[in-house]
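Heads up: the structure comes next, in C-alpha coordinates.
The values are calculated or read from the model by the stated rules, or taken from the named source; none is laboratory data. Predicted model, so just to flag it, every value in this text is computed and none were measured. Because the Cβ atoms are built from the backbone with ideal geometry, glycine has one as well, and the counts that use them run over all protein chains shown.
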Amino acid sequence: MAKVLLYNIKDADKLMKVRIAALRAGLEAVEVAEEDYAHPIGWLLGLEGFSPAAGAEHFEDEMLVMQELSSPLLDMLRASGAPVALKAVVTEQNRSWSSAALCRELKREHEAMRAGIAKKPVHPHKKRR
(Lines give C-alpha, C1' and ligand atoms only; values in the text may rest on other atoms or scores of the structure.)
Protein backbone atom coordinates (compact mmCIF):
# COMPACT_ATOMS: atom_id res chain seq x y z
CA MET A 1 0.00 0.00 0.00
CA ALA A 2 1.35 3.43 -0.95
CA LYS A 3 1.96 5.84 1.91
CA VAL A 4 1.40 9.48 2.69
CA LEU A 5 3.70 11.09 5.25
CA LEU A 6 2.02 13.55 7.63
CA TYR A 7 3.88 16.38 9.34
CA ASN A 8 2.83 18.77 12.10
CA ILE A 9 -0.92 18.26 11.89
CA LYS A 10 -1.58 19.22 15.51
CA ASP A 11 -5.36 19.70 15.38
CA ALA A 12 -6.90 16.33 16.35
CA ASP A 13 -10.03 16.84 14.23
CA LYS A 14 -8.01 17.77 11.15
CA LEU A 15 -5.64 14.85 11.70
CA MET A 16 -8.60 12.46 11.88
CA LYS A 17 -10.00 13.90 8.61
CA VAL A 18 -6.62 13.52 6.90
CA ARG A 19 -6.23 9.94 8.13
CA ILE A 20 -9.75 9.00 6.98
CA ALA A 21 -9.23 10.64 3.57
CA ALA A 22 -5.92 8.80 3.15
CA LEU A 23 -7.51 5.47 4.01
CA ARG A 24 -10.37 6.06 1.58
CA ALA A 25 -7.84 7.00 -1.11
CA GLY A 26 -5.97 3.74 -0.52
CA LEU A 27 -2.97 5.30 1.22
CA GLU A 28 -1.40 4.39 4.53
CA ALA A 29 -1.09 7.56 6.63
CA VAL A 30 2.20 7.74 8.54
CA GLU A 31 2.75 10.50 11.09
CA VAL A 32 6.40 11.52 11.06
CA ALA A 33 7.86 12.42 14.45
CA GLU A 34 10.00 15.55 14.70
CA GLU A 35 13.06 13.49 15.64
CA ASP A 36 12.81 11.87 12.17
CA TYR A 37 12.77 15.10 10.11
CA ALA A 38 16.49 14.78 9.23
CA HIS A 39 16.11 11.32 7.69
CA PRO A 40 15.73 10.94 3.91
CA ILE A 41 12.16 10.77 2.61
CA GLY A 42 13.03 7.44 0.97
CA TRP A 43 14.05 5.97 4.33
CA LEU A 44 10.83 7.21 5.97
CA LEU A 45 8.85 5.44 3.23
CA GLY A 46 10.82 2.21 3.63
CA LEU A 47 12.39 2.41 0.17
CA GLU A 48 15.48 0.31 -0.50
CA GLY A 49 18.88 1.96 -0.59
CA PHE A 50 18.21 4.60 2.09
CA SER A 51 19.66 4.85 5.59
CA PRO A 52 18.75 7.05 8.53
CA ALA A 53 20.67 10.32 8.82
CA ALA A 54 22.42 11.78 11.82
CA GLY A 55 21.51 15.15 13.24
CA ALA A 56 18.29 16.98 13.89
CA GLU A 57 16.13 19.33 11.83
CA HIS A 58 12.97 21.22 12.65
CA PHE A 59 10.04 22.92 10.94
CA GLU A 60 6.53 23.73 12.08
CA ASP A 61 4.60 23.80 8.79
CA GLU A 62 1.91 21.25 8.06
CA MET A 63 3.01 19.10 5.15
CA LEU A 64 1.92 15.99 3.25
CA VAL A 65 4.30 13.88 1.19
CA MET A 66 2.60 11.32 -1.04
CA GLN A 67 4.43 8.25 -2.26
CA GLU A 68 2.34 8.54 -5.42
CA LEU A 69 -0.01 11.25 -6.62
CA SER A 70 -3.50 10.84 -5.22
CA SER A 71 -6.07 13.23 -6.63
CA PRO A 72 -8.82 11.52 -4.58
CA LEU A 73 -6.91 12.34 -1.38
CA LEU A 74 -6.48 15.98 -2.36
CA ASP A 75 -10.15 16.28 -3.38
CA MET A 76 -11.33 14.68 -0.14
CA LEU A 77 -9.14 16.97 1.98
CA ARG A 78 -10.54 20.03 0.22
CA ALA A 79 -14.12 18.78 0.59
CA SER A 80 -13.66 17.91 4.28
CA GLY A 81 -12.32 21.36 5.14
CA ALA A 82 -8.91 19.93 6.05
CA PRO A 83 -6.55 21.30 3.39
CA VAL A 84 -2.80 21.23 3.89
CA ALA A 85 -0.88 23.99 2.09
CA LEU A 86 2.43 22.18 1.58
CA LYS A 87 2.12 18.99 -0.45
CA ALA A 88 4.57 16.97 -2.51
CA VAL A 89 4.82 13.75 -4.43
CA VAL A 90 7.98 11.70 -3.97
CA THR A 91 10.30 11.93 -6.98
CA GLU A 92 13.69 10.49 -7.90
CA GLN A 93 15.20 13.80 -6.87
CA ASN A 94 13.46 14.55 -3.57
CA ARG A 95 13.41 11.05 -2.08
CA SER A 96 16.99 11.56 -0.88
CA TRP A 97 16.14 14.91 0.77
CA SER A 98 15.34 15.35 4.43
CA SER A 99 11.80 16.31 5.37
CA ALA A 100 13.04 19.74 6.43
CA ALA A 101 14.82 20.29 3.09
CA LEU A 102 11.66 19.33 1.20
CA CYS A 103 9.61 21.69 3.38
CA ARG A 104 12.01 24.57 2.63
CA GLU A 105 11.76 23.87 -1.12
CA LEU A 106 7.96 23.66 -1.04
CA LYS A 107 7.74 26.96 0.86
CA ARG A 108 10.08 28.61 -1.67
CA GLU A 109 7.99 27.32 -4.60
CA HIS A 110 4.74 28.30 -2.87
CA GLU A 111 5.98 31.87 -2.33
CA ALA A 112 7.28 32.10 -5.91
CA MET A 113 3.90 31.00 -7.27
CA ARG A 114 2.06 33.50 -5.08
CA ALA A 115 4.38 36.29 -6.19
CA GLY A 116 3.93 35.31 -9.84
CA ILE A 117 0.16 35.28 -9.52
CA ALA A 118 0.20 38.69 -7.84
CA LYS A 119 2.24 40.17 -10.71
CA LYS A 120 -0.03 38.93 -13.50
CA PRO A 121 -2.84 41.28 -14.51
CA VAL A 122 -6.33 40.02 -13.80
CA HIS A 123 -7.62 41.06 -17.24
CA PRO A 124 -4.75 41.23 -19.72
CA HIS A 125 -5.50 43.46 -22.70
CA LYS A 126 -4.22 42.15 -25.99
CA LYS A 127 -4.44 43.88 -29.31
CA ARG A 128 -6.31 41.95 -31.93
CA ARG A 129 -4.99 41.84 -35.43
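Taken together, Ser71, Ser96 contain a single residue that is modelled with pLDDT under 95 and polar (S, T, N, Q), which is Ser71.
Filter segment 1-15 down to the residues that are out of contact with any helix residue (DSSP H, G or I) (no Cβ under 8 Å at 6 or more places or on another chain) and in a strand (DSSP E or B) and list them by number. Matches in segment 1-15: Lys3 only. Scanning segment 76-102 for residues that are farther than 16 Å from Leu45 by Cα and touching a strand residue (DSSP E or B) at 6+ places or on another chain (Cβ under 9 Å) yields Leu77, Val84, Ala85, Leu86. Entry remark, segment 18-33: residues being in contact (Cβ under 8 Å) with a residue 40 or more places away in the chain, buried (at least 19 other Cβ atoms within 10 Å of the Cβ) and not β-branched (Val, Ile, Thr) number 4 in total.
For segment 47-101, which positions are of a type in the set (Ser, Thr, Tyr), farther than 14 Å from Ala22 by Cα and without any contact (Cβ under 8 Å) to a residue 60 or more places away in the chain? Scanning segment 47-101 gives Ser51, Thr91, Ser96.
Considering (1) out of contact with any strand residue (DSSP E or B) (no Cβ under 7 Å at 6 or more places or on another chain); (2) of a type outside the set (Lys, Arg); (3) on the phi < 0 side of the Ramachandran plot, the lone condition that Leu73 does not fulfil carries the number (1). Filtering segment 71-106 to residues that are buried (at least 18 other Cβ atoms within 10 Å of the Cβ), within 21 Å of Leu15 (Cα to Cα) and among the charged types (D, E, K, R) leaves only Lys87.
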